[in-house]
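Everything on this sheet refers to the single structure shown next.
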Amino acid sequence: MDIFVQQLVNGLTLGAVYAIVALGYTMVYGIIQLINFAHGEVVMIGAMVAFTVINALAAAGLPPLVVVLIGVGCAIPVCMLVGYSMERLAYRPLRYAPRLAPLITAIGVSIILQHLAMLVWTRNVIAFPQIIRVETYTLAGAVVTNVQVAIVALCVAIMAGLAFLVYRTRLGTAMRATAQNRQVAGLMGVDVNRVIAATFVIGAALAAVAGVMVGTYYGVAQYTMGSVLGLKAFAAAVLGGIGNVPGAMLGGVLLGVVEALGAGYIGDLTDLCRYGVLAGALGERCAGGGHFVLFGSNYQDVFAFVVLILVLVLRPSGLLGERVGDRA
Amino acid sequence: MNQSKLALTLLAAVVGLIGCGKEEPKKPPVVQEAPPPPPAIEIKIGHVGPLTGGIAHLGKDNENGARLAIEEANAAKIKIDGKDAKLVLVAEDDQADPKVGTTVAQKLVDAKVAGVVGHLNSGTSIPASSIYNAAGIPVISGSATNPKLTEQGFKQQFRVVARDDQQGPAIASYLAANNKPKLVAVIDDATAYGEGLANEVEKALKAASIKVLAREKGTDKTTDWKAILTKLKGRKPDAIFYGGMDATGGPLVKQGRELGIKAVFSFGDGACTDEMTKLAGAAAEGMLCSQAGIPPQAADAKFRDAYKKKFNVDPILYAPFTYDAANLLIEGMKKANSADPAKYLPELAKIDYTGATGRIAFDEKGDRKDAEITIFTMKGGKIEPLAVIKGGKTIPYAEFGKAAAPAAAAEPVKDAPKADAPKDAAKK
């Protein structure tokens, strides 16, 4: 049981990070129906910038929290700039092009950003300096670290803040109006280009925070870290219903939990030696506590995409999705 | 680049001239004052390693080892076939790049070298080996550990360092003998290197009647091991072995300790680096890991003194091995009384020689028999040698390195990850 709780804790932490990244996907999709495949790379750049700053300051003797905050403080503007230039240079010129064009461009931007990062930070793994003392607490048999608590708490705060922004501010109203109908919003005096740029910038800022969180949690950052993370967050966004802000949050958390539980249990469930008849048929392989595992933990990364496919087949609009029609 | 290579070759030639100039046959008027000496022959021995780029210091270290052997042989005025032999080291730079590696291999073949010491990396050694093989030139590597190098059936390819697949049994036998685990979990990163190593460990553990859990797998980019580790925590293994690199192994051990797993973490050479402390902090303390070969501090004291005297630095990593490799070539020539590769190759294959790294004999593949593997542990943020495994026997490090000071031993090994970096390209 405590193992199950532990897997849930692992999944929740992971899911919280997915949720923050998924928000970036879903906001951009909601407003211009573009799947910004370069979003994962923005997360990576956030982590890399923060790590560089934190590594440089690690020896300065400042309190760890201050160092990390300075790191985040540097990562956010850099990512915002990346997000803004991405929109301005790569996507805005294609605003009225056929839908496939910006999609391909997004993939291109992703590759460019990844290779730029490789040039700047080399192929090597950057280690997070060991400045944060990891405290562990035991909760219902599961071990929870202070980093995990911080990640989940921060994610909740960010989600609340974003919900406030989208539903309670003028910019949020403009964003929702633009999402509903760009032309009419423009006619009502909304500066559509500014709103779209703002959406990219906010998404990029969230990505920077997510990058620092994921980097701090695992202790490493590398120029390739963004692609799989981005794809999973995209799956989370689709799971919750792409274009839907609460959906991205729900999808992220769900996906994280599914992945942790899946990786934790699939090996046992598909160990054919556990099943009497099959174990007999396999004979030698199972004798003496042997194993014949059909799907092992190496399928961990596959769960996100299995979930994605299942959702697309059974409920194309996602869990909280609406207004499908011309979208998905 | 060609210019720098030319410069290096010239430099090598100049150093060779200075080092043993008294007998340089091309400048006979200066020295030949004595009554007509027996005609001299010049024997070229090639050395290849990266002399530029990120691991240039290791390439230079390898080259120095070979150079020392050749200069000692020249000082000893060896005679081959009744003639004064004048050995010349032709040092080439392969930049740790497989493409450059084949180019310089061809260059050495064209220069008619009698034998080659190198290359440093498996990734450059393997593609270059077919060129040497076609030319029939004996090659002895002092540092390439990828099994494939000697699995191609090339009769003139040798190595004096242990193979990657000898590490698995070594670390497993150390674990079995010293930690006496009842249950071990084996994880790998699904690369050819990691999975191969993990398979060897699992086989050796099972042979020692130790129970092994179903294999868990990540990838070479996995940083989230929590799900797998949580599952393992429920099984309470006494030891965990991970076949993979430090970039993924660091997070593994860090997260394992965070989850409160008490098992001994053990790794192969890919994660046998000081980098582990950077990645995992205090969690890496006490981990076990293995590296092919022996630390240079455990090499013969005579070699270490001569090296230090000649180059004014300590050997970094594989210099004792390239020193032995060059000596083996010379020894083979002396035995066959010929520098003709076709003639001395059979002698080399059946040689039994005691060098700076101990006794050397080759098996039928050209691998060193009973090659040593060193087991390290992480202590105070540095990896420190614990024991040397040789021919299935565990020898405590303190007894193995006769005059070795363990305090100094930890220092040079931190360069190992850099040496591994290009090698891994071939492993994966």
Next item on the list: Would you check if there is a residue in the range B:234-245 being modelled with pLDDT under 90 and touching a Pro at 6+ places or on another chain (Cβ under 9 Å)?
Entry: yes
Notebook entry, point to check: Just a yes or no: is a residue in the range B:145-161 among the hydroxyl-bearing types (Ser, Thr, Tyr), on the phi < 0 side of the Ramachandran plot and in contact (Cβ under 8 Å) with a residue 60 or more places away in the chain?
Noted result: yes
Checklist line | Selected residue (criterion: surrounded by the fewest Cβ atoms within 10 Å (Cβ to Cβ)) from residues of the range B:280-301 that are over 22 Å from B:Arg368 (Cα atoms) and more than 14 Å from chain A (Cβ to nearest Cβ) | finding: B:Gly286
Next item on the list: State whether the residues of the range B:119-133 include one that is part of a helix (DSSP H, G or I) and aromatic (Phe, Trp, Tyr).
Entry: yes
Item checked: Output for the range A:217-246, where each listed residue is more than 13 Å from the chain's Cα centre (by Cα), within 14 Å of another protein chain (Cβ to nearest Cβ) and either part of a helix (DSSP H, G or I) or of a type in the set (A, V, I, L, M) (or both) -> A:Tyr217, A:Tyr218, A:Val220, A:Ala221
Margin query: Quick check on this structure: which one of A:Ala127, A:Ala101, A:Ala142 is within 22 Å of the chain's Cα centre (by Cα) and either small (Gly, Ala, Ser) or crowded, with 16+ Cβ neighbours inside 10 Å (or both)?
Written below: A:Ala127
Checklist line | Any chance A:Ile126 is within 23 Å of A:Tyr18 (Cα to Cα) and facing another protein chain (nearest Cβ under 10 Å) | finding: yes
Note to self: Cβ-Cβ under 6 Å, sequence separation 6+ or interchain: first residue in the range B:335-360 and more than 24 Å from B:Asn62 (Cβ to Cβ), partner surrounded by 16 or more Cβ atoms within 10 Å (Cβ to Cβ) and among the acidic types (Asp, Glu). Which pairs?
What the structure shows: B:Lys335/B:Glu347; B:Ala336/B:Glu347
Check: Which of the residues that make up the range B:302-340 are surrounded by fewer than 24 Cβ atoms within 10 Å (Cβ to Cβ) and under 22 Å from B:Lys86 (Cβ atoms)?
Finding: B:Ala306, B:Lys310, B:Phe311, B:Glu331, B:Lys334, B:Lys335, B:Ala336, B:Asn337, B:Ser338, B:Asp340
Item checked: Residue among B:Asn337, B:Asn312 that alone is more than 25 Å from the chain's Cα centre (by Cα), outside the structural domain of B:Ala176 (by TED's automatic domain parsing) and over 24 Å from B:Val388 (Cα atoms) -> B:Asn337
Item checked: Inter-residue pairs, beta-carbon under 7 Å, first closer than 21 Å to B:Val186 by Cα and assigned to a helix (DSSP H, G or I) and in the range A:294-316, second modelled with pLDDT of 85 or more and not small (Gly, Ala, Ser), 6+ apart -> A:Ser297/B:Glu216; A:Ser297/B:Lys217; A:Ser297/B:Ile228; A:Asn298/B:Lys217; A:Gln300/A:Glu259; A:Asp301/A:Val228
Item checked: Residue among B:Lys217, B:Lys206, B:Lys182 that is touching a residue at least 40 places away in the same chain (Cβ under 8 Å) and farther than 20 Å from B:Gln291 by Cα -> B:Lys182
Item checked: All positions within the range A:8-61 that are farther than 30 Å from A:Arg182 by Cα, of a type in the set (S, T, N, Q) and either without any contact (Cβ under 8 Å) to a residue 24 or more places away in the chain or away from every other protein chain (no Cβ under 14 Å) (or both) -> A:Thr52
Next item on the list: Confirm whether A:Val184 is hydrophobic (A, V, I, L, M, F, W, C), surrounded by fewer than 21 Cβ atoms within 10 Å (Cβ to Cβ) and within 14 Å of chain B (Cβ to nearest Cβ).
Entry: no
Next item on the list: Using the structure shown, decide if B:Ile330 is modelled with pLDDT under 90 and away from every other protein chain (no Cβ under 14 Å).
Entry: no
Check: Only one residue in B:Phe362, B:Phe376 is touching a Phe, Trp or Tyr at 6+ places or on another chain (Cβ under 7 Å) and modelled with pLDDT of 90 or more. Which one?
Finding: B:Phe362
Next item on the list: Just one of (1) closer than 25 Å to A:Val9 by Cα; (2) surrounded by 14 or more Cβ atoms within 10 Å (Cβ to Cβ); (3) modelled with pLDDT of 80 or more trips up A:Phe305, so point out which.
Entry: (2)
Notebook entry, point to check: For the range B:183-279, which fully contained helices (runs of 4 or more DSSP H) count at least 3 residues that are more than 12 Å from chain A (Cβ to nearest Cβ)?
Noted result: B:192-207
Margin query: Condition first: within 15 Å of A:Thr26 (Cα to Cα) and without any contact (Cβ under 8 Å) to a residue 24 or more places away in the chain. Now tell me which residues in the range A:152-202 satisfy that.
Written below: A:Gly172, A:Arg176, A:Gln180
Notebook entry, point to check: Can you tell which of A:Ile76, A:Ile70 is in contact with a Gly (Cβ under 8 Å, 6 or more places away or on another chain) and either surrounded by fewer than 20 Cβ atoms within 10 Å (Cβ to Cβ) or closer than 23 Å to A:Arg194 by Cβ (or both)?
Noted result: A:Ile76
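The values are calculated or read from the model by the stated rules, or taken from the named source; none is laboratory data. Computed from a predicted structure; not experimentally measured. Cβ sites come from the backbone with ideal geometry, for glycine too, and all protein chains shown count toward neighbours.
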